[in-house]
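Trainee: The structure that follows is given in the form of structure tokens.
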Amino acid sequence: MYLYDEIDSRIVDDRVKQFRDQTRRFLAGKLSEDDFRALRLRNGLYIQRYAPMLRIAIPYGLLSTRQLRKLADISRKYDRAYGHFSTRQNLQLNWPRLEQVPDILAELASVQMHAIQTSGNCIRNITTDHFAGVAQDEVVDSFVWCEIIRQWSTFNPEFSYLPRKFKIAVNGSVSDRAAVAVHDIGLHAVKNHLNEVGFKVLVGGGLGRTPMIGHVMREFLPWQHLLTYLDAILRVYNRYGRRDNLNKARIKILVKERGPDKFREEIEAEWAHLKDGPATLIPEEIERVQARFTRPAYENLGPEPIPENSPAFAAWVKRNVHAHKVPGYAAVTLSLKKTGVPPGDVTADQMDAIAGLADRYSFGELRVSHEQNLILADVRARDLPALWREARALGLATPNVGLLTNIICCPGGDFCALANAKSIPVAQAIQERFDDLDYLHEIGELDLNISGCMNACGHHHVGHIGILGVDKNGEEWYQVEIGGNQAPGALGKVIGPSFARADVPDVIERLIDTYLVHRDSEAERFVDVAQRIGIEPFKERVYGNAHQRAPDRNREPALA
Amino acid sequence: MATLIKGRRIATESPPSPEQGEVLRLEPTDDPASVADRLGRAARVEVNFPKFGDGRGFSIARLLRERYGYKGELRAVGQVGRDHLFYLESCGFDAFLLRDGEDPEEALAAFNDFSESYQASVKQPIPLFRRRAK
């Protein structure tokens, strides 16, 4: 954890006071609905379908057990004793009362938390690899850089009223586990031939209604220049990003309209003025931030074999236990994807229990992954059987990480006012259909992502199989795409007309059948096959029979 | 009635006389470079904020101050609300014509919304990390 100093705490306290006053003025009729919307959104407060929704920031997904227990308390005291971990590593409360939000923020501040910039047209929570700091292929500890960017972005006076939301991802390892290609800005840490740290800078990626892969602006930006270069990008975007059409306001549209080369020239021209200015980073700051992060006091264990146990334990180790850079330790994913539970949902009691596990097995810290699971990053290999038994008793040991039922899913029409269709029941129907673990393991690695609307909170474009809820004359339909990938970033292709909800599990089954027929070995994953053979064979299998069986229902044209 | 704030006080004024120079007004789409050579003779520069959420004027202000060296009065006009004031001042504005309906006394409190900022700005050119390092 980055531990706040007195100034960090004061800034968050100032925000609580400011938001309390804004809420007071709104309730007193001194702030219009529209103005208050712009202000409350940048504090994560939405007015949803049935109630407000508060999105609490979990900067770069890192949490202490003290914070998790506070979240459990808050969800009991102000909500319905559960929360939802989102794909942007935040926590959402679905039933708070507007008048109580300032009190919730004050409670959060007491554990160095907040809801700053979790929504609104500003720079959002910085996301990163959930194995930061423990990955074997680490280049830098991305948490440190995320915190530096968090401070730069927090209440940035120039960039607080951008054309649209702005998402930055940082990846600190060789493998990209932060999906840098599908963010407004993606930063991938690299070292040059002199072993100096810098960042490959991608701009203009994103999902949503116009999915795009980001363009490389710089192959190597020396770390000292990180903030001035970000200033340059944001300034060009703030001045020239489209404000006439909400759907064309993201930076990816500006990059596309200008062309990546022209856009790069504009950034470089702006940066020429800012480069080497006072915002140039200094080694003292990197060291200061590093020093404020708590570090696990690893024991000197040496390599330890993971104890053999039952087949169920072995299956869990295979899917949910991950290699660690320190010998004798492992990282563990606690799956929030048990069949029958909305993906990413946790009850207050589970939060407390998870905090207990993290205290006993992982130095009192945990991470939220963008796949909506929780990670205990520093577990001794010898403790794995005991942890597994406890996690299993809590329903958190489903051995499905990387498999089809580890579905990424937005809250969808059950909660969200923007949704065109429900997403959680679709996820549950698929999980129920594929509940045979042996079969799941046979299918192998497969990311299945579901979004309830084209805003793509469920990242459907980068799922190996992506499902998108669409609205057709007030009815819910589901469009299916295949071949997307998170990293290296690739966007899925729509296989054809959309389906009724009840048909979705059948469609998935046919896609899987097609894959199993065509794969050349177990090592060839679904996405590899989809990219190798294209969508046609899948399409034939899915629509061939449907064509005769249900001539009308299944052949509605897709909307999006 | 719209309230004018200058130097963190509620102010009144009469139109500038010709010898005080002209009033330049920039819209969000205007490039500050286009008035760079007239800044030295301007009575003041106004930057318009046509909508509550239109943040282009923040960048324009920084450019006027930091790139083109403008030292005179820089006034935010248009949909300028209490909740913008802290950021506006950070970006270099020193005069604010509040939109109709804003409570002037409540607005004055806005300059103290935050006791510290992380970033380099016109108001505080040295970012917090450099001040922390001292």
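The values are calculated or read from the model by the stated rules, or taken from the named source; none is laboratory data. On a predicted model such as this, the values are computed, not experimentally measured, just so you know. A quick note on method: Cβ atoms are made from the backbone with ideal geometry, for glycine too, and the neighbour counts reach across all protein chains shown.
Trainee: Mind checking which residues of the stretch A:26-37 are surrounded by fewer than 19 Cβ atoms within 10 Å (Cβ to Cβ) and within 9 Å of chain B (Cβ to nearest Cβ)?
Mentor: Selection gives A:Lys30, A:Ser32, A:Asp34.
Trainee: State all residues of the stretch A:90-115 that are under 21 Å from A:Asp414 (Cβ atoms) and buried (at least 20 other Cβ atoms within 10 Å of the Cβ); if no residue qualifies, say none. Quick ask: steps written out before the conclusion?
Mentor: Restricting attention to the stretch A:90-115, the residues satisfying the condition of being under 21 Å from A:Asp414 (Cβ atoms) are A:90-98.
Within the stretch A:90-115, A:Asn90, A:Leu91, A:Gln92, A:Leu93, A:Asn94, A:Pro96 meet the criteria.
Trainee: I'm trying to understand the selection: among the residues of the stretch A:1-11, which are assigned to a helix (DSSP H, G or I) and within 10 Å of chain B (Cβ to nearest Cβ)? Spell out how you get there, then give the answer.
Mentor: We begin by selecting, within the stretch A:1-11, every residue assigned to a helix (DSSP H, G or I); these are A:6-11.
Across the stretch A:1-11, the qualifying residues are A:Glu6, A:Ile7, A:Asp8, A:Arg10, A:Ile11.
Trainee: When you scan the stretch B:40-63, how many residues do you find that are surrounded by fewer than 18 Cβ atoms within 10 Å (Cβ to Cβ) and in contact with a Leu (Cβ under 7 Å, 6 or more places away or on another chain)?
Mentor: 0
Trainee: For A:Tyr237, indicate whether it is under 30 Å from A:Gln372 (Cβ atoms), within 14 Å of chain B (Cβ to nearest Cβ) and touching a residue at least 60 places away in the same chain (Cβ under 8 Å).
Mentor: Details: under 30 Å from A:Gln372 (Cβ atoms): yes; within 14 Å of chain B (Cβ to nearest Cβ): yes; touching a residue at least 60 places away in the same chain (Cβ under 8 Å): yes.
So A:Tyr237 passes the test.
Here's the yes/no breakdown for (1) acidic (Asp, Glu); (2) within 22 Å of A:Leu440 (Cα to Cα):
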| site | (1), (2) |
| --- | --- |
| A:Phe499 | no, no |
| A:Ala502 | no, yes |
| A:Leu516 | no, yes |
| A:Glu522 | yes, yes |
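Trainee: Please work out which one of (1) touching an Asp or Glu at 6+ places or on another chain (Cβ under 8 Å); (2) within 14 Å of chain B (Cβ to nearest Cβ); (3) surrounded by 18 or more Cβ atoms within 10 Å (Cβ to Cβ) is the condition A:Tyr60 fails and give its number.
Mentor: Unmet condition: (2).
Trainee: Would you call B:Glu89 acidic (Asp, Glu) and touching a Pro at 6+ places or on another chain (Cβ under 9 Å)? First the steps, then the outcome.
Mentor: Values: acidic (Asp, Glu): yes; touching a Pro at 6+ places or on another chain (Cβ under 9 Å): yes.
Yes; evaluated as a whole, the condition is true for this residue.
Trainee: So, one more: Could you identify the single residue in B:Pro32, B:Pro127, B:Pro104 that is modelled with pLDDT of 95 or more and either farther than 14 Å from A:Asn156 by Cα or β-branched (Val, Ile, Thr) (or both)?
Mentor: Values: B:Pro127 fails: either farther than 14 Å from A:Asn156 by Cα or β-branched (Val, Ile, Thr) (or both); B:Pro104 fails: modelled with pLDDT of 95 or more.
Testing whether each residue is modelled with pLDDT of 95 or more and either farther than 14 Å from A:Asn156 by Cα or β-branched (Val, Ile, Thr) (or both) leaves just B:Pro32.
Trainee: In the stretch B:86-118, what count of residues is obtained for those that are in a helix (DSSP H, G or I), under 23 Å from B:Pro32 (Cα atoms) and either more than 12 Å from chain A (Cβ to nearest Cβ) or in contact with a Lys or Arg (Cβ under 8 Å, 6 or more places away or on another chain) (or both)?
Mentor: Within the stretch B:86-118, the first condition is being in a helix (DSSP H, G or I), and the residues that meet it are B:86-90, B:104-112.
Those left that are additionally under 23 Å from B:Pro32 (Cα atoms): B:86-90.
Narrowing the set further to residues that are either more than 12 Å from chain A (Cβ to nearest Cβ) or in contact with a Lys or Arg (Cβ under 8 Å, 6 or more places away or on another chain) (or both) leaves B:89-90.
So the count comes out to 2.
Trainee: Can you tell me which of (1) within 14 Å of chain B (Cβ to nearest Cβ); (2) not in a helix (DSSP H, G or I) is the one A:Pro296 doesn't meet?
Mentor: The single condition A:Pro296 does not satisfy is (1).
Trainee: Report whether or not A:Arg209 is part of a loop (DSSP other than H, G, I, E, B), charged (D, E, K, R) and at pLDDT 95 or above. First the steps, then the outcome.
Mentor: On the way: part of a loop (DSSP other than H, G, I, E, B): yes; charged (D, E, K, R): yes; at pLDDT 95 or above: no.
No; evaluated as a whole, the condition is false for this residue.
Listed here are the residues, each with its yes/no results for (1) in a strand (DSSP E or B); (2) surrounded by fewer than 23 Cβ atoms within 10 Å (Cβ to Cβ); (3) polar (S, T, N, Q).
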site: A:Gly356; (1), (2), (3): no, yes, no
site: A:Asp378; (1), (2), (3): yes, no, no
site: A:Leu404; (1), (2), (3): no, no, no
site: A:Asp435; (1), (2), (3): no, yes, no
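Trainee: May I pose another question? Quick one: B:Arg67 ticks every box in (1) within 13 Å of chain A (Cβ to nearest Cβ); (2) modelled with pLDDT under 95; (3) surrounded by fewer than 20 Cβ atoms within 10 Å (Cβ to Cβ) except a single one, so which number is it?
Mentor: (2)
Trainee: Taking the residues in the stretch A:14-25 that are within 32 Å of the chain's Cα centre (by Cα) and free of Cβ contacts under 8 Å to residues at least 12 places away in the same chain as candidates, determine which candidate is surrounded by the most Cβ atoms within 10 Å (Cβ to Cβ). Working first, answer last.
Mentor: Of the residues in the stretch A:14-25, the ones within 32 Å of the chain's Cα centre (by Cα) are A:14-23.
Pick out the ones that are also free of Cβ contacts under 8 Å to residues at least 12 places away in the same chain and you get A:14, A:17-18, A:21.
Numbers: A:Asp14: 18, A:Lys17: 16, A:Gln18: 22, A:Asp21: 18.
The qualifying residue surrounded by the most Cβ atoms within 10 Å (Cβ to Cβ) is A:Gln18.
Trainee: Go through the stretch A:240-275 residue by residue and tally those that are surrounded by 15 or more Cβ atoms within 10 Å (Cβ to Cβ), within 12 Å of chain B (Cβ to nearest Cβ) and under 28 Å from the mean Cα position of the chain (by Cα).
Mentor: Within the stretch A:240-275, residues that are surrounded by 15 or more Cβ atoms within 10 Å (Cβ to Cβ), within 12 Å of chain B (Cβ to nearest Cβ) and under 28 Å from the mean Cα position of the chain (by Cα) number 5.
Trainee: Now for a different question. Of the residues A:Pro327, A:Pro311, which is more than 22 Å from the chain's Cα centre (by Cα), more than 18 Å from A:Arg389 (Cα to Cα) and of a type outside the set (A, V, I, L, M, F, W, C)? Break it down stepwise before answering.
Mentor: Working: A:Pro311 fails: more than 18 Å from A:Arg389 (Cα to Cα).
Exactly one residue qualifies, and that residue is A:Pro327.
Trainee: Could you tell me whether A:Gly186 is in the same structural domain as A:Ile58 (by TED's automatic domain parsing), touching a helix residue (DSSP H, G or I) at 6+ places or on another chain (Cβ under 8 Å) and of a type outside the set (Lys, Arg)? Before the answer, list the steps.
Mentor: Numbers: in the same structural domain as A:Ile58 (by TED's automatic domain parsing): no; touching a helix residue (DSSP H, G or I) at 6+ places or on another chain (Cβ under 8 Å): yes; of a type outside the set (Lys, Arg): yes.
Against the criterion (in the same structural domain as A:Ile58 (by TED's automatic domain parsing), touching a helix residue (DSSP H, G or I) at 6+ places or on another chain (Cβ under 8 Å) and of a type outside the set (Lys, Arg)), A:Gly186 does not qualify.
Trainee: If A:Lys167 satisfies all but one of (1) within 17 Å of A:Ala249 (Cβ to Cβ); (2) surrounded by fewer than 24 Cβ atoms within 10 Å (Cβ to Cβ); (3) within 14 Å of chain B (Cβ to nearest Cβ), what's the number of the condition it fails?
Mentor: Evaluating A:Lys167 over (1) within 17 Å of A:Ala249 (Cβ to Cβ); (2) surrounded by fewer than 24 Cβ atoms within 10 Å (Cβ to Cβ); (3) within 14 Å of chain B (Cβ to nearest Cβ) leaves (3) as the failure.
Trainee: Moving on. Return the residues of the stretch A:250-271 that are within 19 Å of A:Ile213 (Cβ to Cβ) and touching a residue at least 40 places away in the same chain (Cβ under 8 Å); say none if nothing qualifies. Before you say what the answer is, go through the steps one by one.
Mentor: Residues of the stretch A:250-271 within 19 Å of A:Ile213 (Cβ to Cβ): A:250-264, A:267.
A:Arg250, A:Ile251, A:Lys252, A:Ile253, A:Leu254, A:Val255, A:Lys256, A:Pro260, A:Phe263, A:Arg264, A:Ile267, listed by residue number.
Trainee: It is to be established whether one or more residues within the stretch B:33-40 are under 19 Å from B:Asp100 (Cβ atoms), more than 15 Å from the chain's Cα centre (by Cα) and within 13 Å of chain A (Cβ to nearest Cβ). Break it down into steps so the answer makes sense when it comes.
Mentor: Here is the first cut: in the stretch B:33-40, the residues under 19 Å from B:Asp100 (Cβ atoms) are none.
No, there is no match, as no residue in the stretch B:33-40 is under 19 Å from B:Asp100 (Cβ atoms), more than 15 Å from the chain's Cα centre (by Cα) and within 13 Å of chain A (Cβ to nearest Cβ).
Trainee: Look at the stretch B:1-29 and say how many of its residues are assigned to a strand (DSSP E or B) and in contact with a Pro (Cβ under 6 Å, 6 or more places away or on another chain).
Mentor: 1
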